[in-house]
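The values are calculated or read from the model by the stated rules, or taken from the named source; none is laboratory data. Remember, predicted model here, so these are calculated numbers, not experimental data. Positions of Cβ are backbone-derived with ideal geometry, glycine not excepted, and every protein chain shown enters the neighbour counts. Side chains are part of the model used for accessible areas, which takes the heavy atoms of the whole protein and leaves out ligands, DNA and RNA. Shrake-Rupley method; radii C 1.70, N 1.55, O 1.52, S 1.80 Å.
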Amino acid sequence: MAKTHNLGFPRIGSRRELKFALEAYWKGNSNRDELLETARALRHRHWRQQAGLDLVPVGDFALYDQVLDMSRLFGNVPPRFRDGEDDPLNNDFRIARGRATPDSTPVSAGEMTKWFDTNYHYIVPEFDATTRFSLNAERLLEQLDEARALGVEPKPVLIGPVTYLWLGKRKDDGDRLDLLAPLLEVYGQLLHVLAGAGVEWVQIDEPILVTELDERWRHALRQAWNRLNGCGVKRLLSTYFGALRENLQLACELPADGVHIDAINAREEVERLLDWLPGHKVLSIGIINGRNIWKTDLNAALDWLEPIQKRLGDRLWLAPSCSLLHVPVDLDSETELDEEARNWLAFAVQKLDELQTLANALNQGREAVASKLESNAQAIRTRRESSRVHNPEVKQRVAAINTDMEQRRSPYPRREAIQSQHFGLPLYPTTTIGSFPQTAEIRHTRRRFRDGEIDARHYQQAMRAEIAHCIQEQEKLGLDVLVHGEPERNDMVEYFGQQLDGYLFTRFGWVQSYGSRCVKPPIILGDVRRPAPMTIDWIRYARSLTDKPVKGMLTGPVTMLNWSFARDDQPRSTTCLQLALAIRDEVRDLEANGIDIIQIDEAALREGLPLRRSEWPDYLEWAIRAFRIAANGVADETQIHTHMCYSEFNDIIEAIAAMDADVITIETSRSDMELLDVFDAFDYPNQIGPGVYDIHSPNIPDTTQIVDLMRKASQRIPAERLWINPDCGLKTRDWKEVRAALGNMIAARKVLVAGDPSA
């Protein structure tokens, strides 16, 4: 009998209950007990939704981030937080966001970066010579008791010890692997505690096995798993997000009781696993895509699985490819979707239904689920043949792309001279990344317009009033290059997708990005085209209110792709080129309407990188090409900006330079300008704005902090090529914070200019 299990479940709730509970607590509008009760209720609901599984994950629920929870589990608290809050919960929030509640003392938050190649952000573990580990298993044990009380069979989920070290950073010159032995000591204690609590199986995630590891890290995996052998529990070695390749034999040889493989990305490796895996080990096959929302072709999956079951029998487990954290919770919430498109989709709850259907077909025969298989086959067939998916005109336009479309008219040095004269900006010009606070009033107005309570004229009037307010505030502050504030935009991807052919949208398809921050990725259903201008009227209106430059704000094609649920029936590169042509049309229309600074955000460029460096060149070739096609149809006087947030990009700096944007803005404040170390060795030719205001924290940077950060930047990049700006858009902050932080940013510019002999 094939068993079913799950690697992890979305924790935000089908109506984002966790988000609202967290934000109420952080604002001081609710208490600790109310927050924890919401979390408990969500866990219980999610376990009930998974009750049909043979094994249900426990420990995958986190109030902020699962990596931060692992740091707490192992007692790894950075030194600056050790004398902080007595309450571990509040101390976790201080690590995550620099402050727990309005009256807590601000502190520099932990660094945040992307979880492998996803849009989920984790809090980076910090290590140094003072790092000590100690077991704090109370939360996990409490959740085990909760799950058992509901009648489910729990499977604790842990990040593997080697992956945990790999995800972290040393804050001194030491080696992360020097900490493996003491970490394993505590890890072993944890497994013995779980064994004592009656746990049979523990899922230990080591996703670094799908990356290119040197021999030191491979040896560390052997050392760790051998050390943890015989701890009283069965251990499932879980890998996901890619193929194992040269690590396949290592994964088979590690002394685990079972191995999970991502069969969406590594199907070709399953045959070798069947041959190589010792006869006593379980093979868990991730047969349901945990990162996209399309229905699984169940009949095709069964054609593949049935021979495997004959070989493995009870040793076959079925699961999603990875945690379902990366998909929305429940398609049943989407009552406004048309029936045809809805029938092509599966969210987390529906994916578990698919999993159960596959297991029932394997264990009882296909006839036991014949109606479900026929319904699934019809959905797969109608999507494949639908005219909503295929547009010959779009395909012809992509085929006609030529190399001239990828080039600016002049090289950067000539453009820089022309733009310098054209704009006359001062030393250290100041700007923001795009959005300003999305107030309750803005969201209320947008909701009323969506629900038909106000007409388009009243909505436009309300948004224009917000734009005018943003322009006035920026002029009062003294910013050099302004933005319109984006009050009309619900999301930087969804807003554009709603105006493009080929997209589909949900009402409750929320996915966690970090902490309480959720995104609602649109769905790329078919070939993409721009039927009409998308931003011209709003930007042109903002430009009419000021004599200062106003940036046109667009989302780039790579980010539109990576932050959507993309088609799985054609190469991602093809979809990206379709998006590039749509954005190119908008760029040219902005320029034609007098907008001569245009920002094309590529916040998600790096997260699309394959996890193996050997595959980077192919991705970067088509991703950078798509950006250049979108950006390069303009005159030399038009200044192109781009923005990247919360990504380690030092190792792709040459590709970023190849984008040939006139100005790039990046996150650097949380990493204390560490991201600029690359410029010690690489002479970046264009202008750059290192972010000095961490907008993901309620803390307000003071003038001295900003000056110090910019002086660090000027040691690597000439002052005449530096801009001053926040890390990211300001939509999540309130106006009081924004005015104070931007005021300090302007004050810092004055200090820098006064101390610069070239000014």
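The base-10 log of I(q)/I(0) for region 392-495, evaluated at q = 0.11, 0.14, 0.18, 0.25 Å⁻¹, reads -0.62, -0.84, -0.93, -1.27 [Debye formula, identical scatterers on Cα atoms, solvent excluded]. For the chain, the Cβ-based charge dipole about the Cα centre amounts to some 700 debye (Lys, Arg positive; Asp, Glu negative; other atoms uncharged). For region 57-142, the square roots of the Cα gyration tensor eigenvalues, ordered a ≥ b ≥ c, give a/c below 1.5, which places it in the rounded category.
When all C-alpha to C-alpha distances in region 561-608 are sorted into bins of 5 Å, what percent of pairs does each bin hold, rounded to whole numbers? For region 561-608, the binned pair fractions read 5, 17, 23, 22, 16, 10, 5, 2 percent.
With the helix formula -39500 (n - 2.57) applied to DSSP H stretches of n ≥ 4, the chain reaches a computed 222 nm mean residue ellipticity of -12500 deg cm²/dmol. For the chain, the relative contact order comes to 13 percent (Cα pairs under 8 Å, sequence separation of at least 6).
Output the pairs from Lys548/Lys750; Lys351/Lys520; Lys351/Lys372; Lys551/Lys736; Lys3/Lys310 with a Cα-Cα distance over 21 Å in this structure; if there are none, say none. Too far apart for the 21 Å limit: Lys551/Lys736. Per-residue SASA remark: Met405, around 30 Å² accessible (1.4 Å probe; ligands, DNA and RNA not included). If you wrap the tightest convex hull around every Cα atom of the chain and split its volume per residue, you get 157 Å³.
Computed 3J(HN,Hα) for region 27-42, one whole-Hz value per residue from the Karplus formula 6.51 cos²θ - 1.76 cosθ + 1.60 where θ = phi - 60°, is 7, x, 8, 8, 10, 4, 5, 5, 4, 5, 5, 4, 4, 4, 4, 5, glycine and proline marked x.
Scalar couplings 3J(HN,Hα) for region 288-299, obtained by applying the Karplus form with A = 6.51, B = -1.76, C = 1.60 to θ = phi - 60°, are 9, 5, x, 10, 9, 10, 7, 4, 7, 6, 5, 5 Hz; x denotes Gly and Pro. Rounded if a/c is under 1.5, else prolate if a/b is larger than b/c, else oblate: which is region 573-704, with a ≥ b ≥ c the root eigenvalues of its Cα gyration tensor? Judged from the Cα gyration tensor, region 573-704 comes out oblate (a/c at least 1.5, b/c at or above a/b). Other residues with beta-carbon under 14 Å from the beta-carbon of Asp314 carry, at +1 per Lys or Arg and -1 per Asp or Glu, a net charge of +4. Using the Cβ-Cβ distance between Thr105 and Asp172 with R0 = 22 Å, the FRET efficiency computed as 1/(1 + (r/R0)^6) comes to roughly 0.35. For Asp205, the residues whose amide H sits under 5 Å from its own are Leu158, Ile159, Gly160, Ser238, ignoring neighbours fewer than 5 places away on the same chain, with H placed 1.01 Å from N.
Note on Trp201: accessible area is roughly 10 Å² with a 1.4 Å probe, heavy atoms of protein only. Contact order for region 190-312, expressed relative to its length and based on alpha carbon pairs under 8 Å spaced 6+ residues apart, stands at 22 percent.
Considering only beta bridges that DSSP places wholly inside the chain, some 15 percent are antiparallel. Over region 509-629, the hull volume per residue, using the convex hull of the C-alpha atoms, is 141 Å³.
What the Cα atoms of region 127-189 give is an Rg and a Dmax of 15.0, 49 Å.
For Thr4, nonlocal amide neighbours, meaning residues 5 or more places apart or on other chains whose placed amide H falls under 5 Å from its own, are Asp54, Leu55, Leu318.
Near the amide H of Ile695, within less than 5 Å, lie the amide hydrogens of Asp727, Cys728, all on another chain or at least 5 residues away, with H placed in the peptide plane.
Per-residue Karplus couplings for region 628-642, computed as 6.51 cos²θ - 1.76 cosθ + 1.60 with θ equal to phi - 60°, are listed in order as 5, 5, 5, 9, 9, x, 10, 6, 4, 5, 7, 9, 9, 10, 9 Hz, Gly and Pro entered as x. Within the shell of other residues whose beta carbon sits under 11 angstrom from the beta carbon of Ile454, the net charge comes to +2, with Lys and Arg scored +1 and Asp and Glu -1. Near Asp547: Cβ cut-off under 14 Å, other residues only, Lys/Arg at +1 and Asp/Glu at -1. The net charge is -1. Within a straight-line Cα-Cα reach of under 24 Å, Lys171 can be paired with the following lysines, leaving aside sequence neighbours fewer than 8 residues apart in one chain: Lys114, Lys712. Give me the base-10 log of I(q)/I(0) for region 239-357 at each q in 0.10, 0.22 Å⁻¹, Debye formula, one uniform scatterer per Cα, rounded to two decimals. Here log10 of I(q) over I(0) equals -0.33, -1.24.
Just so you know, the Cα atoms of region 228-299 work out to an Rg and Dmax of 13.1, 41 Å.
Using only alpha carbons, region 437-532 has a radius of gyration to Kirkwood radius ratio (Rg to Rh) of 1.01. Calculated on the Cα set of region 478-521, radius of gyration then Dmax: 13.7, 41 Å.
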